[in-house]
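Asker: Once you've had a glance at the structure underneath, I'll fire off some questions.
The values are calculated or read from the model by the stated rules, or taken from the named source; none is laboratory data. Keep in mind it's a predicted model, so treat the numbers as computed, not measured. Cβ: placed from backbone, ideal geometry, glycine included. Neighbour counts: every protein chain shown. Accessible surface areas use protein heavy atoms only, side chains included; no ligands, DNA or RNA. Shrake-Rupley method; radii C 1.70, N 1.55, O 1.52, S 1.80 Å.
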Amino acid sequence: MSAIGANSGAGGSGRKLRLGMVGGGDGAFIGAVHRIAARLDDCYELVAGALSSDAQRAQRSGAAIGLAPERSYSDYREMARLEAARADGIDVVAIVTPNHLHAPVATAFLEAGIHVICDKPLAISLAEGQALADLARARKRVFALTHTYTGYPMVRHARELVESGAIGEVRLVHVEYAQDWMAEADNQAAEFQSTNWHNDPKRAGPTGCTSDIGTHAFQIAGFVSGIQPNQIMAELHSFTPDRILDDHVQVMLRYPNGARGMLWASQMATGCENGLKLRVFGTKASLTFEQENPNELWLTPQGGSAQRLTRGRVRGAAAEAATRVPSGHPEGYLEAFAQLYRDAAAQIHAVNASLPVPGASAWLPTVVDGVAGMKFIDAVLASDAAGSRWVDLAL
């Protein structure tokens with residue numbers, strides 16, 4: 001089984017990609033996660049950033065992580081223009097801002113010829129998302145979207161099992177994402193709701209919980225099952241006083257092959273930390289994956305006993321390619337995040353060299369997944385507005 005040395009390196013190219021970052025200044029959780037992920041496999045070197053739109057904070061944040069002062073910007077447009085003009089300018093930018101900035105920042109860097117790695121959701125409207133997809137295609141740039149949980153080896157093994165026919169034809173898909181952080185007393189206060197960007201439609205988009213974690217649930221369900229719903233019936237709800245956007249969503253799913261499914265996501269599920277759980281039921285067997293125990297996958301054949309499959313012990317190309325350390329040494333969230341960065345590096349090097357995209361990195365979530373997520377959000381809104389009626393979802 002692969003050890004960390006076997007899978008490290010600059011995406012197989014021998015050169016680290018020069019990475020820039022927009023957002024993620026001091027105190028920003030997700031910015032630090034991206035930087036750790038980029039470093040883990042030695043595929044990138046962070047050399048530039050617009051870590052804040054406040055000039056002083058940008059310089060302070062840049063200095064704290066070792067950026068040269070002249071490459072620590074407060075304006076992402078200036079960063080895109082100046083980095084594109086440098087002989088040693090960045091190859092790719094990581095976008096770790098609130099949702100409303102994803103599209104304008106990505107547009108600036110794509111137009112400058114720079115590859116993009118972006119947080120999800122892709123944008124705050126389907127129109128923005130489709131425009132980004134068109135631009136990335138026209139400029140022939142890689143656009144990776146950090147649907148982190150698809151980087152887990154056992155999630156990739158689950159998908160490989162489905163593709164191999166091991167569970168038969170998919171009949172049922174059940175996915176849930178349960179958190180309780182919004183139920184904390186401080187986060188229920190009117191002051192928090194009025195100041196937190198997750199409750200501001202101008203910055204978060206038209207949904208709250210649905211965009212934040214519902215899109216993760218939707219994406220991983222399709223990633224593993226290999227099928228996408230063509231009709232949904234949804235209800236949005238907010239349990240939080242003074243909240244504008246949803247903190248809870250539940251969705252029924254219909255698939256073209258006759259399969260049925262259910263998705264629910266909630267940030268008001270008392271006692272739940274980061275409870276992403278996926279179950280896929282086929283005609284021969286079922287699969288169960290829980291994000292809080294990412295090193296195992298349960299396979300249960302019809303009429304048989306449940307089998308616990310563990311990372312490092314399964315024999316499958318997808319899991320092995322995403323595994324860094326031997327069995328019994330837990331891998332988790334940061335490694336899954338790093339897997340997306342490693343896959344993106346492999347794609348970027350291939351595109352830059354006009355070579356075919358490596359097979360393993362072809363499983364990287366991209367702008368196409370982002371557009372599908374925006375279509376899902378729009379369909380949820382349409383169904384909810386129609387009194388939770390069935391609506392079509394064309395992906």
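Asker: Open to solvent by 20 Å² or more (accessible area, probe 1.4 Å), assigned to a loop (DSSP other than H, G, I, E, B) and under 27 Å from Arg171 (Cβ atoms), is that true of Gly258?
Answerer: Yes.
Asker: Just name the residue that is surrounded by the most Cβ atoms within 10 Å (Cβ to Cβ) out of those in region 179-208 that are within 20 Å of Glu128 (Cβ to Cβ) and out of contact with any helix residue (DSSP H, G or I) (no Cβ under 8 Å at 6 or more places or on another chain).
Answerer: Residue satisfying both the conditions and the ranking: Asp200.
Asker: Inspect all residues belonging to region 130-138 and state whether any of them is assigned to a loop (DSSP other than H, G, I, E, B) and either free of Cβ contacts under 8 Å to residues at least 60 places away in the same chain or touching a Leu at 6+ places or on another chain (Cβ under 9 Å) (or both).
Answerer: Within region 130-138, not a single residue is assigned to a loop (DSSP other than H, G, I, E, B) and either free of Cβ contacts under 8 Å to residues at least 60 places away in the same chain or touching a Leu at 6+ places or on another chain (Cβ under 9 Å) (or both).
Asker: I'd like to check something: does region 269-291 contain any residue that is free of Cβ contacts under 8 Å to residues at least 60 places away in the same chain, open to solvent by 40 Å² or more (accessible area, probe 1.4 Å), part of a strand (DSSP E or B) and under 18 Å from Gly151 (Cα atoms)?
Answerer: Scanning region 269-291 turns up at least one residue that is free of Cβ contacts under 8 Å to residues at least 60 places away in the same chain, open to solvent by 40 Å² or more (accessible area, probe 1.4 Å), part of a strand (DSSP E or B) and under 18 Å from Gly151 (Cα atoms).
Asker: Within region 58-76, how many residues are under 26 Å from the mean Cα position of the chain (by Cα) and surrounded by fewer than 17 Cβ atoms within 10 Å (Cβ to Cβ)?
Answerer: Looking only at that region, the number is 1.
Asker: Let me ask something else about it. How about region 306-328: which of its residues are open to solvent by less than 10 Å² (accessible area, probe 1.4 Å) and polar (S, T, N, Q)?
Answerer: Thr323
Asker: When only residues in region 124-165 that are among the aliphatic types (A, V, I, L, M) and touching a Lys or Arg at 6+ places or on another chain (Cβ under 7 Å) count, which is farthest from Ala372 (Cα to Cα)? Steps first, please.
Answerer: To start, the set of residues in region 124-165 that are among the aliphatic types (A, V, I, L, M) comprises 124, 126-127, 131-133, 135-136, 138, 142, 144-145, 154-155, 158, 161-162.
Retained after the next criterion (residues that are touching a Lys or Arg at 6+ places or on another chain (Cβ under 7 Å)): 126, 145, 154.
On the way: Leu126: 9, Leu145: 12, Met154: 23 Å.
Step by step, filter region 124-165, then rank; the result is Met154.
Asker: Does Pro294 meet the test of being under 27 Å from Ala183 (Cα atoms) and modelled with pLDDT under 95?
Answerer: No, not satisfied.
Asker: Under 8 Å between Cβ atoms, at least 6 apart or on separate chains: pull out the pairs that start in region 74-86 with a residue that is at pLDDT 95 or above and aliphatic (A, V, I, L, M) and end on any residue that is open to solvent by 50 Å² or more (accessible area, probe 1.4 Å) and in a helix (DSSP H, G or I).
Answerer: Ala80/Glu111
Asker: Which condition number does Phe143 fail, the rest of (1) within 30 Å of Asp242 (Cβ to Cβ); (2) buried (at least 24 other Cβ atoms within 10 Å of the Cβ) being met?
Answerer: Just one mismatch for Phe143, condition (1).
Asker: If you don't mind, there's one more thing I want to ask. Would you check if there is a residue in region 37-51 being at pLDDT 95 or above, under 20 Å from the mean Cα position of the chain (by Cα) and in a strand (DSSP E or B)?
Answerer: yes
Asker: Filter region 350-386 down to residues that are open to solvent by 60 Å² or more (accessible area, probe 1.4 Å) and of a type outside the set (Val, Ile, Thr) and give me whichever is nearest to Tyr149 (Cα to Cα). Give the derivation first.
Answerer: To start, the set of residues in region 350-386 that are open to solvent by 60 Å² or more (accessible area, probe 1.4 Å) comprises 352, 354-357, 362, 368, 378, 385.
Within this subset, residues satisfying the condition of being of a type outside the set (Val, Ile, Thr) are 352, 354-356, 362, 378, 385.
Details: Asn352: 27, Ser354: 29, Leu355: 27, Pro356: 25, Ala362: 16, Asp378: 23, Ala385: 30 Å.
Once the filter is applied, the top-ranked residue is Ala362.
Asker: Which residues, taken from region 66-100, are in contact with a strand residue (DSSP E or B) (Cβ under 7 Å, 6 or more places away or on another chain) and part of a helix (DSSP H, G or I)?
Answerer: Arg71, Tyr76, Met79, Glu83
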